[in-house]
Structure formats: structure tokens, C-alpha cells
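The values are calculated or read from the model by the stated rules, or taken from the named source; none is laboratory data. What you see is a predicted model, and the numbers here were worked out from it, not measured in a lab. Ideal geometry is used to build each Cβ from the backbone, glycine not excepted, and the neighbour counts take in all protein chains shown. Note: accessible area is taken over every heavy atom of the protein model, side chains too, but ligands, DNA and RNA are not part of it. Shrake-Rupley method; radii C 1.70, N 1.55, O 1.52, S 1.80 Å.
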Amino acid sequence: MIEAAWGSDPRFSSGVSYRFIRSEGQSFPGHRCLIPASEFHMTVGDKRFRVALDDGNHFYIAAIWEPAMANWQTCFRVITMPAGPDVARYQERHGAIILRRQVMQWLDATVPETDLFNQPPRHSLTVEELVERPRQASLAL
């Protein structure tokens, strides 16, 4: 496990740091990596939502990494796919979810991307609105 910057080196893309890459029509033969997660967040308008697996398990989000160059550190971009039925009413895309049993299939490229990047079945993700609650000003000991 290493620490890496989220987003590509902007010097090679007209000053833009790309943080995502679409999965459609792409092949990722190398530089595959995983981002461990127990949830991911979405912002829709002024509301924020938390998305997690319905069974509470942790998962991974598929990504590709780029090596450090000059003064830009090792970085990664999240691979996205069309949103599944639980997320589609909030946004069009989300990170490609890799389940724990699929980790080595993704990292070793033993299974094609088209077989791994499947929309999670309906009701396999829970979506919960994050509500801002007042914070305690100080702690009493």
C-alpha cells in the first residue's frame, strides 16, 4: 500500500488534473490499482449522500496509477462506470466497484474489465443522506 495523489499531472493535459477515467471502450492492461473503501460520497445540488454495500462489507474502487515524474508524485485516477439502479437517481456514474473476492482478478488482469465492471444489482447499495449536525464546541473531561 502506498500513498498517491488523486489526479494526473496537469503539465501533460493543458493544465487540467484528471481524477476520473471512463471504463467504456477502455482496456487497462497494466498499472491497475485499488482504493480500499467502506463507502463513497456523492454531492447532488446542496445535499451529500453516503453510499455503502448493503451487507456492510468493505470493497475497492478500481483505479489506474501513473509513476512519479519530475516533481509530480505517483498518482491515480478512478475508473468510472454508468451508475447502477441504486445510484442512478442521484448521479449518472460512480467508481467501478471491485468486491473483495475480485481483488486478484483485477490486479492480475485474469478477468476482462467487461466482466468485472458490472452494475451492482438493485438493493445491493444503500444510499443515505448525510445531515450536518451541530458540533460540540468543546469537550468536557
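Leaving out ligands and nucleic acids, note down the accessible area per residue over the chain with a 1.4 angstrom probe, in whole Å².
Working: 9380 Å² over 141 residues.
It amounts to 67 Å² per residue over the chain.
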>> Apply the a/c threshold of 1.5 to the C-alpha gyration tensor of segment 1-77 and tell me whether it is rounded, prolate or oblate.
In response: prolate
> In what sequence, highest mean first, do 52-62, 105-115, 89-99 appear when ranked by Cβ atoms within 10 angstrom?
Replying inline: 89-99, 52-62, 105-115
>> Going by amide H atoms built from the backbone, whose H comes under 5 Å of the H on I21, apart from near neighbours?
In response: V78, I79, T80
>> Can you work out the Karplus-derived ³J(HN,Hα) for every residue in segment 30-36? Use 6.51 cos²θ - 1.76 cosθ + 1.60 with θ = phi - 60°, whole Hz, and x for glycine or proline.
In response: x, 6, 6, 8, 10, 10, x
>> Quick check on segment 34-95: take the gyration tensor over C-alpha atoms, sort the square-rooted eigenvalues as a ≥ b ≥ c, and tell me if it's rounded (a/c under 1.5), prolate or oblate.
In response: prolate
